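One structure is given here, and the rest of the page talks about it.
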Amino acid sequence: MPVRVETYDRLEDAARALAASRSARYLGGGTLVMRAVNEADQSFDTIIRVRDAALRDVRAESERVVIGAGVTMAAVIAHRDLAFLAPVARAVGGPAIRTMATVGGNLFAASPYGDFAAALLALGATVDVAGGAAGRGVAIEDFLRDRERNAGLLVRSVTVPRPRDPAAFRFLKVTRVKPKGVSVMSIAAWLPQSGGRVAGARIAYGAMGPAPVRAVHVERVLDGQPLDAATIERAAAVATEGLDPPTDALASSWYRRQVAGVHLKRLLTAERR
Amino acid sequence: MAKKPLQFRLNGAEKAVFVDEGQNLLDVLRRGVGDLTPKYGCGQGACGTCTVLIDGEPQLSCLTLAETVDGRTVTTAGGLADGNRLHPLQTAFMENFAAQCGYCTPGMLMAAKALLDRNPSPSRQDVVEAIAGNICRCTGYEPIINAILEAARTHNSRQYG
């Protein structure tokens, strides 16, 4: 088990060490990195970890919430100001995974994992890296697009706009194992309405690409329209336009294409989940 | 490679061992301090049989870097019984035939303990959710769920009745 472990008290020091090394991984909750260690992954030889308690802070402001990268799924469920994200966190793993898996780690979880990151993508979060200012970080779509290159950055927190109308945010995870399983796909939808019409929809999928992706064609169909049966039908028809869903042990690309529209329709039709 | 000293509390007893860098907690429990109750299943976080409580919270010991439990409290299925007196969960598992091959049992017991410690009167749905991360390949889920519900009932009556 030739892995070296470096422990730092300060985030900035760990960030420097991570940036300076090409063969180091940052250890969050352990569910991704320790799995790789157990499988004798040879792509890294150093684990970097931080004891900084600030990574587990949640700071609620009037318009947004800043969630520390080390906040676990269990902590998200327990936090009063994160109630809108609790259904998403509950969809991740079983209780033992949820006391370990972190918000920051989920940003790096390869498909079919990363349901929480899909929700953050729909909500328009920004990713704050060590050394940068909270809320002035990278837009999450940019961060996820360059995920491989960003592996050398240490995420400090994510900043999430607080939904003014919690009912405008909907989330659905499709699994083939009950009660819990890995995603065939997950869908997160941010559907603010103005005067009975959708205004500024953001739809994100998990497990429909190498990283969570936005369904821009669906968004275009929804915007400016009432969320009625005809609109939903047209949105479902373009559910996978421009996307290339992966084939894995859970589902083929073909299958994901076939069912995406059906699940999108269900999510959009539901008044409240 | 240098060994690192590690001290933690296991089932009420202080332990001090040297661990390899990158070694997971399950390996330290089984090979380092000889507690063979937590099992190695998948090494990926998918099966749950290595579940232990760390400071009372359920965690997967195969995905826990051993040195992160320094100064903390670890509870395994090996710490449930009090001498010859079985824990109510163990008794209920036995009486409800909740163990077939037995491989998932230590993880099921610890997931159930985590639930009952927080919620002494769980609903059936609460129990299903609590063991959602624990896989039983004999698929004997019903007896396991029934055993946990019965343990909750008998434990409560013993405490309050």
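The values are calculated or read from the model by the stated rules, or taken from the named source; none is laboratory data. All figures in this text were calculated on a predicted structure; none of them were measured in a lab. Reconstructed Cβ throughout: ideal geometry from the backbone, glycine too, with neighbour counts over all protein chains shown.
The listed residues are B:GLY45, B:GLY56, B:GLY83, B:GLY79, and the only one of them that is crowded, with 22+ Cβ neighbours inside 10 Å, more than 22 Å from B:LYS3 (Cβ to Cβ) and either of a type in the set (S, T, N, Q) or out of contact with any Asp or Glu (no Cβ under 6 Å at 6 or more places or on another chain) (or both) turns out to be B:GLY45.
When only residues in the stretch A:34-57 that are without any contact (Cβ under 8 Å) to a residue 40 or more places away in the chain and surrounded by 20 or more Cβ atoms within 10 Å (Cβ to Cβ) count, which is nearest to A:MET73 (Cα to Cα)? Residue satisfying both the conditions and the ranking: A:MET34. Against the criterion of being facing chain B (nearest Cβ under 9 Å) and either in a loop (DSSP other than H, G, I, E, B) or out of contact with any Cys (no Cβ under 7 Å at 6 or more places or on another chain) (or both), A:ARG22 does not qualify. Per the listing A:ALA69, A:ALA14, the residue uniquely in the same structural domain as A:LEU153 (by TED's automatic domain parsing) and under 21 Å from A:ALA109 (Cβ atoms) is A:ALA69. In the stretch A:93-137, which residue that is away from chain B (no Cβ under 13 Å) and of a type in the set (D, E, K, R) is farthest from A:ALA188 (Cα to Cα)? The extreme case among them is A:ARG136. Of the residues that make up the stretch A:164-186, is at least one modelled with pLDDT under 95, more than 26 Å from A:VAL33 (Cα to Cα) and touching a helix residue (DSSP H, G or I) at 6+ places or on another chain (Cβ under 6 Å)? Looking for residues that are modelled with pLDDT under 95, more than 26 Å from A:VAL33 (Cα to Cα) and touching a helix residue (DSSP H, G or I) at 6+ places or on another chain (Cβ under 6 Å), one finds at least one in the stretch A:164-186, hence yes. Once the stretch A:125-150 is narrowed to residues that are exposed (fewer than 14 other Cβ atoms within 10 Å of the Cβ) and of a type in the set (A, V, I, L, M), the residue that is modelled with the lowest pLDDT is A:ALA133.
Which condition from (1) within 14 Å of B:MET110 (Cβ to Cβ); (2) surrounded by 21 or more Cβ atoms within 10 Å (Cβ to Cβ) is the one that B:GLN23 breaks? B:GLN23 satisfies every listed condition except (1). Taken over the stretch B:54-69, the residue count meeting the criterion of being under 20 Å from B:GLY41 (Cα atoms) and of a type in the set (Val, Ile, Thr) is 2.
The condition of being assigned by TED's automatic domain parsing to the domain that holds A:PRO226 and surrounded by 22 or more Cβ atoms within 10 Å (Cβ to Cβ) holds for A:ALA188. Every listed requirement among (1) β-branched (Val, Ile, Thr); (2) surrounded by fewer than 21 Cβ atoms within 10 Å (Cβ to Cβ); (3) more than 23 Å from A:VAL88 (Cβ to Cβ) is met by A:VAL259 save one, (3). Applying the criterion of at least 1 residues that are within 16 Å of A:TYR26 (Cα to Cα) and in contact (Cβ under 8 Å) with a residue 40 or more places away in the chain to the helices (runs of 4 or more DSSP H) found wholly in the stretch A:102-188 leaves A:103-106, A:147-150. A:TYR8 falls short of the stated requirement of being in contact with a strand residue (DSSP E or B) (Cβ under 6 Å, 6 or more places away or on another chain), closer than 20 Å to A:LEU120 by Cβ and among the aromatic types (Phe, Trp, Tyr). The numbered conditions (1) at pLDDT 95 or above; (2) within 11 Å of chain B (Cβ to nearest Cβ) are all true for A:ARG51 except (1).
Going by the conditions given, is A:GLY70 touching a strand residue (DSSP E or B) at 6+ places or on another chain (Cβ under 6 Å), buried (at least 20 other Cβ atoms within 10 Å of the Cβ), closer than 26 Å to A:PRO112 by Cα and in contact (Cβ under 8 Å) with a residue 12 or more places away in the chain? The answer is yes for A:GLY70.
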